[in-house]
Amino acid sequence: MSNTSLSPRAQRLRDAGHKLTNARLTVLGVVERGGGHLTSTEILNRVNAVDARIGRASVFRALDLLTRLSIIRPTYIDSSITPTYVLLPDGHHHHVICTHCNRVIEFEDCGLSKLAADLERRLHVQLSGHLLEFYGLCDRCSAQERSAFN
Ligand SMILES: [Zn+2]
Ligand SMILES: [Zn+2]
Ligand SMILES: [Zn+2]
């Protein structure tokens, strides 16, 4: 594979000193194409649809590695035991989770770059990303709640 066809995230993987194995690139590609939240089972199925030779253990190792590099992050919705993996585009990911219907509403802008810079200075840490989760009622559920009392 030529370097020009690498996604920025695959380049990060390589720049961090990791081999771009077929399993790693396929897992990354599946998560990138999936966009939003995917469980490990969904990722496994999609990876196998692309290349059935990639085993379950390789998929889980690749997910662990991508998580360590802050390229993806597991999130837990509805206190389920199975996490769904989300991409951290440009190192961050934000959403609101409705506590009633578990709908996930994604949003782009967080305005947290100042806070991140403050934290780095104050805590002497080097941040590579963040995952921001808000909880509350979505518009549909809050409308339902209102009408239930009327
Ligand atoms: Zn999300
Ligand atoms: Zn809702
Ligand atoms: Zn952010």
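The values are calculated or read from the model by the stated rules, or taken from the named source; none is laboratory data. This is a predicted model, so every value here is computed, not measured. Cβ atoms come from the backbone with ideal geometry, glycine included; neighbour counts cover every protein chain shown.
Tabulated values for the structure
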item	result
Filter result (of a type in the set (Gly, Ala, Ser) and within 16 Å of ligand 3 (Cβ to nearest atom)) within the stretch 125-150	SER128, GLY129
Cβ pairs under 7 Å, 6+ apart, first in the stretch 63-78 and among the small types (Gly, Ala, Ser), second assigned to a helix (DSSP H, G or I)	SER70/GLY91
Residue count for the stretch 105-124, restricted to those that are within 20 Å of ILE72 (Cα to Cα) and away from ligand 3 (no atom under 16 Å from the Cβ)	0
Filter result (at pLDDT 90 or above and under 16 Å from LEU69 (Cα atoms)) within the stretch 12-22	LEU13, ARG14, ASP15, ALA16, GLY17, HIS18, LYS19, LEU20, THR21
Filtered residues of the stretch 108-137 (kept if acidic (Asp, Glu), loosely packed, with under 12 Cβ neighbours inside 10 Å and assigned to a helix (DSSP H, G or I))	ASP118
From the options THR39, THR26, THR84, residue that is more than 25 Å from GLN126 (Cα to Cα), within 16 Å of the chain's Cα centre (by Cα), modelled with pLDDT under 95 and crowded, with 17+ Cβ neighbours inside 10 Å	THR84
